[in-house]
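**Student:** Just passing along the structure, written as structure tokens.
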Amino acid sequence: MQEPGQINYKVYQGSTFNELFRWESETKVYEPIQSISKSAPCVITTQNPTQIPAGWRVRVVGAGGMREINQTDPDAFYIATGATGSTVTLNQVNSLLYNTYTSGGVIEYNEPVNLFGYSARMQIRETVDGTEVIHESTTANGEIRLNNTYKTVEILIPASATTGFNFTTAVYSLELFTASGVVVPFLTGNLTLVPGVTR
């Protein structure tokens, strides 16, 4: 069973609460590199059409020549700011002064989870055992959006809703589910309300 991610947030009263997540599986994908540009931003061309969604976390490993672009830290990632056909753009990388790429290497990333068939719901309560639901966001009411192209889960609670929040701290949980009854705990944590001044 998947363990939900745990993230605590501040909610600013009277402001839109907007957070975006990407659901990575534990399966690693390795795409062989064909070339790497000396440019800003850096553009990597893969040997085959890439399946990396734009905005996905990636690592570059084993590239010959352009050693500066390789990542030895397993917790270090680039963000694929653009991915079209066989090219992946890394906007945060300026490779103009890097050594020239020679051969080899892969782009490594965790395979995205297919969101097809999923819906989502999130509840905010004052405590885990609380019976009152302070607020509920769902795919049905438009406050949770699943994008299967970019493999994203987006929470969007409008300012009109947060204006009415009056808790000091609260808890939330977000789960994804299917019509067949599969329920996946996705995210949980604490919320701290920051009172609004401008209203």
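**Student:** If the viscosity is 1.002 mPa s and the temperature 20 °C, what Stokes-Einstein diffusion coefficient in µm²/s follows for the range 119-176 when Rh is the Kirkwood radius over Cα pairs?
**Tutor:** On the way: Rh = 12.2 Å.
Result for D is 176 µm²/s.
**Student:** Enter the accessible area of Ser119 (Å², nearest 10), with the probe set to 1.4 Å and all protein chains included.
**Tutor:** The accessible area comes out at roughly 40 Å².
**Student:** Can you show me the helix-derived [θ] at 222 nm for the chain, built from DSSP H runs with n ≥ 4 at -39,500 (n - 2.57) apiece and divided by the number of residues, rounded to the nearest 500.
**Tutor:** On the way: 1 runs with 4 residues, N = 199.
For the chain, the value works out to -500 deg cm²/dmol.
**Student:** What does the accessible area of Ser173 come to, in Å² to the nearest 10, when a probe of 1.4 Å is used?
**Tutor:** Only protein atoms counted, so the area is about 60 Å².
**Student:** Among the aspartates and glutamates, which have Cα under 20 Å from the Cα of Lys28 when same-chain residues fewer than 8 positions away are ignored?
**Tutor:** Lys28 reaches Glu3, Asp73, Asp75, Glu108, Glu111.
**Student:** Check the straight Cα-Cα distances from Lys38 and name the aspartates and glutamates below 17 Å, setting aside those fewer than 8 residues away within the same chain.
**Tutor:** Counting by Cα, and skipping residues close in sequence, Lys38 has these aspartates and glutamates nearby: Glu68.
**Student:** Continuing with this model, one more query. If you filter the range 81-159 for GluC sites (Glu not before Pro), then keep DSSP loop positions with at most 16 other Cβ within 10 Å, what is left?
**Tutor:** Glu126, Glu132
**Student:** If I take every Cα pair under 8 Å that is 6 or more residues apart in the range 32-94, average their sequence separation and divide by the length, what percent do I get for the relative contact order? Could the numbers behind the result be given before it?
**Tutor:** Values: 119 pairs, mean separation 25.5, N = 63.
After rounding, I find 40 percent.
The values are calculated or read from the model by the stated rules, or taken from the named source; none is laboratory data. These numbers were taken from a predicted model, which means no experiment stands behind them. For neighbour counting, all protein chains shown are included, and Cβ atoms are generated from backbone atoms with ideal geometry for every residue, glycine included. Only protein heavy atoms, including side chains, enter the accessible area calculation; ligands, DNA and RNA are left aside. Shrake-Rupley method; radii C 1.70, N 1.55, O 1.52, S 1.80 Å.
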